[in-house]
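What follows is a set of notes on a single structure, which appears directly below.
Every read-out reported here was derived from the displayed coordinates using simple, explicitly stated rules and does not represent laboratory data. Please read these numbers as outputs of a predicted model, since none were measured by experiment. Ideal geometry is used to build each Cβ from the backbone, glycine not excepted, and the neighbour counts take in all protein chains shown.
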């Protein structure tokens, strides 16, 4: 005879939050507008305006993340080109992008990501898997995640 428990079988308590996706990868943008280091500053500015974005990742031919270019980087270049009286047409973004980019793990909890945004004072974080760029999470994506979770217990 087996040993009997007097407690009976326990059912795992589940809450609505258990079924709610809370990972960065559930809210990140996968369909990204990316740039290449040999692109001109002008073409990047056109893409930022056309797509209503404030910046984007710079990748090499293997889709590996090598930098980020933002509106601010472009504005700096506009200012410098006037100051040094140098035309922008021949300028590529390689010298103007931010290299050594901080990335975020796609498995990170969305609330930890929110904290990371606050600490790093960044507008976006790229997500890299196996050396390749797979997505990007922005502050707006975190806001969207919070709105979906609204009304549930935040843990």
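Coordinate range of the alpha-carbon atoms in segment 22-149 per principal axis, descending: 51, 28, 25 Å. When you count the other C-beta atoms within 10 angstrom of each residue and take the mean per peptide, 94-102, 136-144 line up highest first as 136-144, 94-102.
With 0.36 nm allotted per residue and the present C-alpha distance subtracted, the residue 134-residue 31 stretch has 36.2 nm of extension available.
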